[in-house]
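The structure appears right after this line, and notes come after that.
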Amino acid sequence: MIAEIVNNYENLVDNIGKLIEVSGYRNDYIARKIGLTNVNFSAKKNRKSFSLEEIRQIVAIIDSDDVEDYLMINEMDSRKEDETITHDELYKQMGWK
């Protein structure tokens, strides 16, 4: 479980640029909101070197339905090879009629 949490955080940091793009917010706006210059923000974004607090602030700003949809699509894509069962098999396994 802990490894999954760390993996999720790494994925967030690795994809923060794409999430910002999906959110529709401009880099200069987010930079200003979290107290960074445009140059510092851009460098940190390119190096993926935001602090934990900066990540928290960015996520609070960009949180939207568009970002949630993007994340859900990525999660679904990552699981497309997972084994699944049919509706009937689920009912049988659960003992439902």
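Quick note: the coordinates plus some simple rules give every number you see, no bench work behind them. Please read all numbers here as calculations on a predicted model, not as lab measurements. For neighbour counting, all protein chains shown are included, and Cβ atoms are generated from backbone atoms with ideal geometry for every residue, glycine included.
One table, with the values for the structure above:
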item: Unique match (being of a type in the set (A, V, I, L, M), more than 22 Å from Asn74 (Cα to Cα) and in contact with a Phe, Trp or Tyr (Cβ under 8 Å, 6 or more places away or on another chain)) among Ile30, Ile16; result: Ile30
item: Residues that are part of a helix (DSSP H, G or I), loosely packed, with under 15 Cβ neighbours inside 10 Å and not basic (Lys, Arg), drawn from segment 30-41; result: Asn38, Val39, Asn40
item: Pairs where the first residue, in segment 74-89, is surrounded by 10 or more Cβ atoms within 10 Å (Cβ to Cβ) and the second is not in a helix (DSSP H, G or I), C-beta under 9 Å, 6+ apart; result: Asn74/Asn15
item: Spans of helices (runs of 4 or more DSSP H) in segment 42-97 with at least 3 residues on the phi < 0 side of the Ramachandran plot and touching a helix residue (DSSP H, G or I) at 6+ places or on another chain (Cβ under 7 Å); result: 52-62, 65-78
